[in-house]
Amino acid sequence: MWKSEHIETNTIHGGKTRQGEFGPLATPIYQTSTFVFDSVEQGAERFAGEAAGHIYSRLGNPTVDELEARMALLENTEAAAAFGSGMGAVSAAVLGLLKQGDHLVTSHRLYGCTFALFNHQLPAFGIEVSFVDLADAQAVKAAIRPNTKVIYGETPINPCLSVANLDDIAAIAKAHKLVSIIDNTFMSPVLQQPAKHGIDIVLHSATKFLNGHGDVVAGILCGPKDLIDQIKMTTRKDMGAIISPHDAWLIIRGLKTLHLRVARHNENAQKLAEFLSQHPMVAKVDYPGLPGHPGFALLGKQMHGGGGVLAFELKGNFDQAVTFMNQLQMCKRAVSLGDAETLIQHPASMTHSTYEPEELAAAGIPRTLIRLAAGLEHLDDIVADLSQALQAAAAHEKAA
Ligand code: 3LM
């Protein structure tokens with residue numbers, strides 16, 4: 001199996017298995033639900049784990065195997081498991097590692113559906129959850145109880161880009177024999193590799209940068225073989241959030257340009273953050289690539305860039321923010337991130353509408369916050385679109 005020291009090479013060749021009798025360059029799509037056994041004995045041996053070979057695509061598929069091998073390599077882990085959505089990966093991880101009576105320590109800021117899963121579904125299964133500021137190592141330590149099993153977080157955090165220290169989280173998890181899980185969706189392995197800091201499981205919504213073309217919903221977990229196998233053989237197998245071979249193939253194709261795309265997303269977002277922070281209509285910009293951001297100190301230590309996503313607040317009232325967003329011509333009003341198109345959304349009414357107003361306030365997610373996921377367009381075109389929409393928002397203020 002090919003392995004390089006360079007991520008630019010591994011996104012293309014890493015984990016490549018020789019598949020198909022014709023030696024195709026592109027990975028074949030094994031669009032099959034089931035696999036034929038030569039004999040009853042062979043089938044029984046495969047089910048018993050005594051013989052290698054595929055059984056049924058919910059349990060494993062050669063196209064999916066290649067995606068998993070490549071992602072394990074990119075995230076510096078032993079193994080990986082792919083899912084039919086990012087939330088499929090999140091739920092399979094926590095339900096596979098926690099049982100009734102166990103306790104999870106997590107962040108008070110999380111992607112909206114992850115928050116809903118932890119705030120509503122896990123307690124319904126008898127799993128206790130504490131929400132703390134993961135950037136505050138003392139608060140994380142203080143939240144740990146005898147029944148704590150997992151620490152879970154995102155960094156940078158969706159939607160307001162706060163940053164947690166990976167070394168601190170890994171050290172706390174190791175000291176208390178907990179499993180640490182980090183959602184690395186906002187960075188991709190090009191900008192951050194949490195396992196290199198001692199994090200056990202690295203999670204992605206593969207819907208975002210990994211696929212990169214806005215045409216797949218998928219998720220992935222990368223981690224030690226024992227934990228990944230445990231999840232594959234319990235919650236993934238029995239709850240069934242499996243990825244389709246065709247979607248795995250699209251992500252394999254997307255990964256070939258991951259390093260190029262992420263570099264451009266990062267460059268555009270950095271320049272847009274600088275542009276917006278200078279603009280008279282903008283009150284505040286949250287982006288770890290700006291020197292005033294609390295996460296800036298971790299640039300070059302755990303992150304190789306601020307990433308492709310930023311958040312900001314306009315001066316003025318909420319109606320002006322709505323005017324700004326409705327006025328955009330090229331940038332798309334849409335949730336998601338990591339696509340070729342610049343996407344803008346309003347977290348309080350969209351990605352984070354799972355939070356009650358008081359929960360948004362407690363998490364420090366302002367109602368006026370706007371999130372921008374920089375696309376791959378020419379910077380001048382994005383700036384021109386934002387500028388005319390900001391002008392319209394300013395005119396709205398004068399008219400009011
Ligand atoms: C979004 N986020 O626009 P899927 N982890 C993180 C995420 O951002 C997401 C997931 C997990 C958005 C989706 S909102 C309806 C659209 C950090 C998804 C979940 O199941 O693949 O969507 O991943 O912020």
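The values are calculated or read from the model by the stated rules, or taken from the named source; none is laboratory data. Everything numeric here is computed off the predicted structure, so don't read it as measured data. When we count neighbours, we look across all protein chains shown, and the Cβ atoms used for this are built from the backbone with ideal geometry, even at glycine. Areas reflect the complete protein model, heavy atoms only, side chains present, ligands, DNA and RNA absent. Shrake-Rupley method; radii C 1.70, N 1.55, O 1.52, S 1.80 Å.
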Does region 333-358 hold any residues that are open to solvent by 50 Å² or more (accessible area, probe 1.4 Å) and either more than 19 Å from H108 (Cβ to Cβ) or of a type in the set (D, E, K, R) (or both), and which are they?
R333, V335, E341, S349, M350, E356, E358
Looking only at region 63-79, how many residues end up being open to solvent by less than 10 Å² (accessible area, probe 1.4 Å) and either of a type in the set (G, A, S) or in a strand (DSSP E or B) (or both)?
1
On the given criteria, is G53 in the same structural domain as I242 (by TED's automatic domain parsing), open to solvent by less than 50 Å² (accessible area, probe 1.4 Å), more than 25 Å from F83 (Cα to Cα) and part of a loop (DSSP other than H, G, I, E, B)?
no
Does L161 count as more than 13 Å from the ligand (Cβ to nearest atom), assigned to a loop (DSSP other than H, G, I, E, B) and either touching a residue at least 12 places away in the same chain (Cβ under 8 Å) or on the phi < 0 side of the Ramachandran plot (or both)?
no
Inspect all residues belonging to region 323-339 and state whether any of them is assigned to a strand (DSSP E or B), within 16 Å of the ligand (Cβ to nearest atom), at pLDDT 95 or above and closer than 17 Å to Y287 by Cα.
no
Does G60 qualify as being crowded, with 18+ Cβ neighbours inside 10 Å, in a loop (DSSP other than H, G, I, E, B) and either among the small types (G, A, S) or touching a residue at least 40 places away in the same chain (Cβ under 8 Å) (or both)?
yes
Does P156 satisfy the criteria of being open to solvent by 30 Å² or more (accessible area, probe 1.4 Å), under 20 Å from L104 (Cα atoms), modelled with pLDDT of 95 or more and assigned to a loop (DSSP other than H, G, I, E, B)?
no
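The rows are residues; the columns are (1) surrounded by 17 or more Cβ atoms within 10 Å (Cβ to Cβ); (2) among the acidic types (D, E); (3) under 30 Å from D215 (Cβ atoms).
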position: Q42; (1), (2), (3): no, no, no
position: A81; (1), (2), (3): yes, no, yes
position: A89; (1), (2), (3): yes, no, yes
position: L97; (1), (2), (3): yes, no, no
position: G101; (1), (2), (3): no, no, no
Tell me, which residue of region 178-195 that is more than 22 Å from P294 (Cβ to Cβ) and open to solvent by 10 Å² or more (accessible area, probe 1.4 Å) is farthest from the ligand (Cβ to nearest atom)?
L178
What pairs come up if the first residue lies in region 97-123 and is of a type in the set (S, T, N, Q), the second is open to solvent by 10 Å² or more (accessible area, probe 1.4 Å) and in a helix (DSSP H, G or I), and their beta carbons are under 8 Å apart, counting only those six or more places apart or on different chains?
T114/M87; N119/E359; Q121/S91
Taking region 355-383, which residues are within 16 Å of G112 (Cα to Cα) and away from the ligand (no atom under 16 Å from the Cβ)?
E356, P357, E358, E359, A361, A362, G364, P366, R367
Which numbered condition P24 fails, given (1) open to solvent by 50 Å² or more (accessible area, probe 1.4 Å); (2) modelled with pLDDT of 95 or more; (3) over 29 Å from A143 (Cβ atoms):
(2)
Just to check your reading of the model, which residue among A170, A175 is open to solvent by less than 10 Å² (accessible area, probe 1.4 Å) and either over 30 Å from S336 (Cβ atoms) or not assigned by TED's automatic domain parsing to the domain that holds A269 (or both)?
A170
Which of (1) away from the ligand (no atom under 16 Å from the Cβ); (2) in contact with a His (Cβ under 7 Å, 6 or more places away or on another chain) is the odd one out, the single condition G305 does not satisfy?
(2)
Is it the case that F118 is crowded, with 19+ Cβ neighbours inside 10 Å and in a helix (DSSP H, G or I)?
yes
Residues of region 300-322 that turn out to be in contact with a helix residue (DSSP H, G or I) (Cβ under 7 Å, 6 or more places away or on another chain) and assigned to a loop (DSSP other than H, G, I, E, B), as a count:
7
Residue within region 198-212 that is away from the ligand (no atom under 16 Å from the Cβ), of a type in the set (D, E), open to solvent by 10 Å² or more (accessible area, probe 1.4 Å) and farther than 30 Å from S244 by Cα present:
no
So which pairs qualify, if the first residue must be in region 193-212 and in a loop (DSSP other than H, G, I, E, B), the second must be basic (K, R), the Cβ gap must be under 8 Å, and the two must be at least 6 apart or on different chains?
G198/K174; F209/R261; G212/R261
